[in-house]
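Taking it in order: structure first as structure tokens, then the write-up.
The values are calculated or read from the model by the stated rules, or taken from the named source; none is laboratory data. Owing to the predicted nature of the structure, the values given are computational and were not obtained by experimental measurement. We place every Cβ from the backbone using ideal geometry, glycine too, and count neighbours over all the protein chains shown. Heads up: the accessible areas ignore ligands, DNA and RNA and are worked out on the full protein's heavy atoms, side chains in. Shrake-Rupley method; radii C 1.70, N 1.55, O 1.52, S 1.80 Å.
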Amino acid sequence: QAAAANATSYQWQLNGSDLFGATSATYVVPSLSSVHDGVYTCVATGPGGVTTTSAPATVTVLHTYATWAAERGLAADSEAADSDGDGYANLAEFLANTDPLTAASAAERASAQAVTSVPAGSPAFQLDLRLNRRASYQGYSVQLATGPAGPWTTVTPASSQVTGTEPQGDQHWRHTYTLPANPARSFLRLSLAK
């Protein structure tokens, strides 16, 4: 809602473009979806044509997997499917904000995949993730085991930092974890709490 003393008209904008029909002091978004993401402002015009633009308000529309899937014509329970056959399950595409209906390019695959590395001489490993800023989930955890059957133990990162941001706002995170003492080998899995 915008309020300007003596305003004779209002025009709401999304990312700098006028919103058709949004010409009152209040703007209500009809049927919220990802197209409503962006920066909103309101231009108020007063006597003599003097305009004042509101402070910007950034809106980020969050999605559960089910709403994200529905927008793409996928079933709500299709997390394990690989709809485009590119080797990434739909749930992985949701978390990385890639298109589950078009096979990922090599650059997209490199950007979206979780990468682990062990710096030379370090008792730690690093996990690099790209996370969809619109994905709504309870959280995720990293779990380690000495064999693929488990038992799995949740580990807490020693440090976490943002290492980059995609143009659409998705963030690349680097988490550093301490390795268990004297492991012959370690298995890692990422567990998502929906």
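Taking each residue as 0.36 nm, the span from Arg185 to Ala124 lengthens on full extension beyond its C-alpha to C-alpha distance by 20.7 nm. Accessible surface computed residue by residue for the chain, with neighbouring protein chains in place and a 1.4 Å probe, gives 57 Å² per residue.
The length gained on full extension between Phe20 and Ser160, counted as 0.36 nm times the residue separation minus their Cα-Cα distance, comes to 46.1 nm. Its Cα centre serving as origin, region 2-113 has a Cβ charge dipole (Lys and Arg +1, Asp and Glu -1) of approximately 580 debye. A convex hull fitted around the alpha carbon atoms of region 22-162 yields 197 Å³ per residue.
Averaging Cα coordinates gives a centre for region 1-75 and one for region 142-165; these two points are 40 Å apart. Each residue, Ala70 and Ala89, gets one label point 7 Å from its Cα in the Cβ direction; the gap between the two is 2.3 nm. Dipole check for the chain: with +1 at the C-beta of Lys and Arg, -1 at the C-beta of Asp and Glu, and the Cα centre as origin, the magnitude is about 580 Debye.
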